[in-house]
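Everything below concerns the one structure shown next.
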Amino acid sequence: MSSDAAPSSVWPVLHYDDTVEALRFLVEVLGFTRAVAAPDEHGGIGHAELRWPGGGALVFGSTRHTDSVHGTMRAGTSAVYVVSDRDGVDAVHRRVVRAGGVVLEAPHETRFGSGAAAYVCTVRDPEGNLWTFGTYRGPAPA
């Protein structure tokens, strides 16, 4: 995998009801690293930025904050695909199982709609978002 500092040009934005638990799960169980976690006036996290060891990033905030363009986003309505190597897919699966999390699909070989082969695992976070970790990195550059 590449460096944690690799830039990402796409940042998914998710919202959670319990931002403290979301941060714990995303970092301790899924394996993201915390870059920013700014507290809010409710004792939660108002804004968080996380990095993936393979070079991606995501942002999350609280459903309590309804005064922004993202203010109507509900918790648990997203699905995110995260590129990982085979060992990383297995490691996420083990951590989710160890934490008593929900595994929707254990690690397995599959083919996506494009016909591309991948080794993947899909889990659900505590608020219902789906996270698929897989070896498919997209088509080769033209």
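The values are calculated or read from the model by the stated rules, or taken from the named source; none is laboratory data. Everything numeric in this text was worked out from a predicted model, so none of it was measured. Heads up, the Cβs are rebuilt from the backbone with ideal geometry, glycines too, and the neighbour counts pull from every protein chain shown. The protein model used for the area step is the full one, side chains on, heavy atoms only, and it has no ligands, DNA or RNA in it. Shrake-Rupley method; radii C 1.70, N 1.55, O 1.52, S 1.80 Å.
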| request: Please arrange 10, 102 by accessible surface area, largest first, computed with a 1.4 Å probe and ligands excluded. | output: 10, 102
| Which part of region 7-24 falls in the paramagnetic zone of residue 49, meaning amide N under 16 Å from the point 7 Å along Cα-to-beta-carbon? | 7-14
| task | Using per-residue counts of other Cβ atoms within 10 Å, averaged over each peptide, order 112-118, 62-68, 43-49, 128-134 from highest down. | result | 128-134, 43-49, 62-68, 112-118
| query | Using a 1.4 angstrom probe with every protein chain in place, what is the largest-first accessible-area order of 21, 105? | reply | 105, 21
| field | Kirkwood Rh and Cα Rg combined as Rg over Rh, evaluated for the chain | value | 0.97
| Could you give the length gained on full extension between residue 28 and residue 90, defined as 0.36 nm per residue of separation minus the Cα-Cα distance, in nm? | 20.8 nm
| What is the antiparallel percent of DSSP beta bridges lying wholly in region 15-99, to the nearest 5? | 85
| note | FRET efficiency (residue 117, residue 142; Cβ distance; R0 22 Å; to 0.05) is 0.65
| query | Of 73, 128, 15, which is farthest along the charge dipole of the chain in the positive direction, counting Lys and Arg as +1 and Asp and Glu as -1 at C-beta? | reply | 128
| query | Of the beta bridges DSSP finds with both residues in the chain, what % are antiparallel, to the nearest 5? | reply | 70
| said: Heavy atoms only, 1.4 Å probe, whole protein assembly: order 30, 23, 104 by accessible area, highest first. | reply: 104, 23, 30
| query | If you line up the long axis of helix 86-98 against the longest principal axis of the chain, both from Cα atoms, how many degrees apart are they, to the nearest 10? | reply | 50
